[in-house]
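**Student:** Sharing a structure below in structure tokens format, with a few things to ask.
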Amino acid sequence: MNKLPVITEAELEVMQVLWRKKKAMKIQEVLDCLEKSLWKYNTVGTLLLRLESKGAVKSEKEGRVILYTPLLDEGEYKKEKTFDFIKRMYNGSVKELAVSLFQSDEMSEDDIEEIRKLFNL
């Protein structure tokens, strides 16, 4: 598995907007989608520049506007980060992760039923 760029929590928030919208976006458009954030325009611009330098997004100038598009695949990123998490927290055991989730109070009966259906249990 090729190593994906390391991105910060703040950069991940920006990436999630780009992944969710599935289109090239201006800085202001990204900022508008970060409703709960107190970030300013320049902060989002800086995060996008960092992501570009890491190879996670590309920028294209259209007239006087710069549009940003994700290069980093969401599914691939989530998969690698999930495996990293399981390796660090559960000694690489998916079974230990599943047991931990089932034993937590965070899963509702609906969640458990949905998982049963997914795995034909």
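The values are calculated or read from the model by the stated rules, or taken from the named source; none is laboratory data. Here the structure is a predicted model, which is why all the values come from computation and not from measurement. In this analysis, Cβ positions are derived from the backbone assuming ideal geometry, glycine residues included, and neighbour counts consider all displayed protein chains. Protein only, heavy atoms only, side chains kept; ligands, DNA and RNA dropped before computing areas. Shrake-Rupley method; radii C 1.70, N 1.55, O 1.52, S 1.80 Å.
**Student:** What are the residues in region 67-92 that are out of contact with any strand residue (DSSP E or B) (no Cβ under 9 Å at 6 or more places or on another chain) and under 12 Å from Leu18 (Cβ atoms), if any? Even if it seems obvious, please write down each step before you answer.
**Tutor:** If we filter region 67-92 for residues that are out of contact with any strand residue (DSSP E or B) (no Cβ under 9 Å at 6 or more places or on another chain), which is where we start, we get 73-92.
Once the filter is applied, which keeps residues that are out of contact with any strand residue (DSSP E or B) (no Cβ under 9 Å at 6 or more places or on another chain) and under 12 Å from Leu18 (Cβ atoms), region 67-92 yields Asp73, Glu74, Tyr77.
**Student:** Residue check, Lys87 against (1) at positive phi; (2) of a type in the set (Lys, Arg); (3) more than 18 Å from the chain's Cα centre (by Cα), all met but one. Which one?
**Tutor:** It is condition (1) that Lys87 fails.
**Student:** When you go through Lys58, Lys40, Lys23 one by one, which is the residue that is farther than 13 Å from Glu11 by Cα and modelled with pLDDT of 95 or more? Break it down into steps so the answer makes sense when it comes.
**Tutor:** On the way: Lys40 fails: modelled with pLDDT of 95 or more; Lys23 fails: modelled with pLDDT of 95 or more.
Answer to the selection: Lys58.
**Student:** May I ask you to verify whether Glu114 is among the charged types (D, E, K, R), in contact with a helix residue (DSSP H, G or I) (Cβ under 9 Å, 6 or more places away or on another chain) and either open to solvent by 50 Å² or more (accessible area, probe 1.4 Å) or part of a strand (DSSP E or B) (or both)?
**Tutor:** Values: among the charged types (D, E, K, R): yes; in contact with a helix residue (DSSP H, G or I) (Cβ under 9 Å, 6 or more places away or on another chain): no; either open to solvent by 50 Å² or more (accessible area, probe 1.4 Å) or part of a strand (DSSP E or B) (or both): yes.
It is false that Glu114 is among the charged types (D, E, K, R), in contact with a helix residue (DSSP H, G or I) (Cβ under 9 Å, 6 or more places away or on another chain) and either open to solvent by 50 Å² or more (accessible area, probe 1.4 Å) or part of a strand (DSSP E or B) (or both).
**Student:** At least 2 residues that are surrounded by 13 or more Cβ atoms within 10 Å (Cβ to Cβ) and of a type in the set (D, E, K, R) in each: list the helices (runs of 4 or more DSSP H) lying fully within region 1-102 that qualify. So that I can check it myself, show each step before the final result.
**Tutor:** Values: elements: 9-21, 27-33, 41-53, 74-90.
The qualifying helices (runs of 4 or more DSSP H) are 9-21, 41-53, 74-90.
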